[in-house]
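Q: My questions will all concern the structure given below.
The values are calculated or read from the model by the stated rules, or taken from the named source; none is laboratory data. Computed from a prediction, not measured in an experiment: that's the story for all the values here. Counting neighbours? That spans all protein chains shown, and the Cβs are built from the backbone with ideal geometry, glycine included.
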Amino acid sequence: MSTPSRDWFKSSRSANNAACVEVRFDGDVVGVRDSKDRGGPTLAFGDGAWGSFLRALKTDTV
């Protein structure tokens, strides 16, 4: 699932209250951060782990 690097973004379905996470794809790493604390800690996941997480969300097994 290697994708080109891009800026942080959040889902277009997110509300405008900033109570969500932002995601960034950077090569084989997916970064996740709190949209309310953009300077705070960032989680990093390998693309395989991220893909497994998304599949679990889609099948409602999370």
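Q: Out of curiosity, is residue 27 of a type outside the set (Val, Ile, Thr), out of contact with any helix residue (DSSP H, G or I) (no Cβ under 6 Å at 6 or more places or on another chain) and modelled with pLDDT of 95 or more?
A: no
Q: Against the definition (among the polar types (S, T, N, Q) and loosely packed, with under 12 Cβ neighbours inside 10 Å), how does residue 35 come out, yes or no?
A: No: the conditions fail for residue 35.
Q: Of 33, 38, which residue is in contact (Cβ under 8 Å) with a residue 24 or more places away in the chain and under 10 Å from the mean Cα position of the chain (by Cα)?
A: 33
Q: Name the residue, out of 55, 38, 13, that is outside any strand (DSSP E or B), basic (Lys, Arg), modelled with pLDDT under 85 and out of contact with any strand residue (DSSP E or B) (no Cβ under 6 Å at 6 or more places or on another chain). Show your work before the answer.
A: On the way: 55 fails: modelled with pLDDT under 85; 38 fails: modelled with pLDDT under 85.
Among 55, 38, 13, only 13 is outside any strand (DSSP E or B), basic (Lys, Arg), modelled with pLDDT under 85 and out of contact with any strand residue (DSSP E or B) (no Cβ under 6 Å at 6 or more places or on another chain).
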